[in-house]
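Novice: Sending over a structure as structure tokens; questions will come in a sec.
The values are calculated or read from the model by the stated rules, or taken from the named source; none is laboratory data. Computed from a predicted model, the values in this text were never measured in an experiment. Heads up, the Cβs are rebuilt from the backbone with ideal geometry, glycines too, and the neighbour counts pull from every protein chain shown. In case anyone asks, the SASA skips ligands and DNA or RNA and just uses the protein heavy atoms, side chains included. Shrake-Rupley method; radii C 1.70, N 1.55, O 1.52, S 1.80 Å.
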Amino acid sequence: MSALKLIDVTPFEPMIIKVHFDGFDWKELKPICDDMINKTPENVVLEDNGKSSIYNHQNQPHLNQAFRKFYEWLSPIMLHVLTNEWGFVKEYEYIIGNSWVNVHGNAGLTKEHNHGPAAMVSTAYLQMPKDSGYIQFKDPLEYEKSFQHHQSADDWEWKTIPAITGDVLLFPGWVRHRTEPSKTNEERWVLTSNVLAMNRPAINKNNNTGGNIII
């Protein structure tokens, strides 16, 4: 009997997409990110042994000139995934609702959560040292699969996505995720953006310059 060949013919859209950006200048971005973190008014309960600028509404990465090149590159990719891969309405307006940076050191992690109504989440690795912990996604079919026999919940509920500096993950806001704890003293820096789908005709269709409008 010849070797069995299995072909994946699942017809549904991809859920988590990875792209790569080579343009991060960490020497330039590091003091900017430090300033975002240091001027954040309060701690974030989702972060253990880490800090986030999510409450720093005055200085968000997508509104900061230092990240303009990145968002110019990312905006058409996000729009393509939303409308061509995930089936969102092409004529709608899509905006970056908010963005922030997280930093974690040894034993640092982000707890399980989702991003609520965000149509898309972008997670970009500004600095990803070895052993600093990867992101993990929870199987959205956890309840349907719970009747199956497994060695442990971590064998199937949570799936780990390896990444390196410059990798960017795009995924729906509703999918639950967390990070592994870091096992190094080097800092892991991540840039996250929430994309919102607005039920209204798009404006500034030719404006792909980042900022709020991504179409």
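Novice: What tally of residues in segment 141-160 results from selecting those that are open to solvent by 30 Å² or more (accessible area, probe 1.4 Å) and modelled with pLDDT of 85 or more?
Specialist: Number satisfying all stated conditions: 3.
Novice: Let me ask you something else. Looking at segment 1-60, which of its residues are open to solvent by less than 50 Å² (accessible area, probe 1.4 Å), within 20 Å of residue 161 (Cβ to Cβ) and not in a strand (DSSP E or B)?
Specialist: Within segment 1-60, 21, 24 qualify.
Novice: Scanning for something at pLDDT below 90 and more than 13 Å from the chain's Cα centre (by Cα), does segment 117-139 turn up at least one residue?
Specialist: yes
Rundown of residues vs (1) over 23 Å from residue 114 (Cα atoms); (2) out of contact with any strand residue (DSSP E or B) (no Cβ under 6 Å at 6 or more places or on another chain); (3) in contact (Cβ under 8 Å) with a residue 60 or more places away in the chain, yes/no style:
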residue	(1), (2), (3)
7	yes, yes, no
10	yes, yes, no
50	no, no, yes
56	no, yes, no
76	yes, yes, yes
96	no, no, yes
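Novice: In segment 161-183, how many are closer than 16 Å to residue 142 by Cβ, open to solvent by 50 Å² or more (accessible area, probe 1.4 Å) and not basic (Lys, Arg)?
Specialist: Residues meeting the conditions: 1.
Novice: Pick out the one residue from 92, 71 that is hydroxyl-bearing (Ser, Thr, Tyr) and open to solvent by 10 Å² or more (accessible area, probe 1.4 Å).
Specialist: Testing whether each residue is hydroxyl-bearing (Ser, Thr, Tyr) and open to solvent by 10 Å² or more (accessible area, probe 1.4 Å) leaves just 92.
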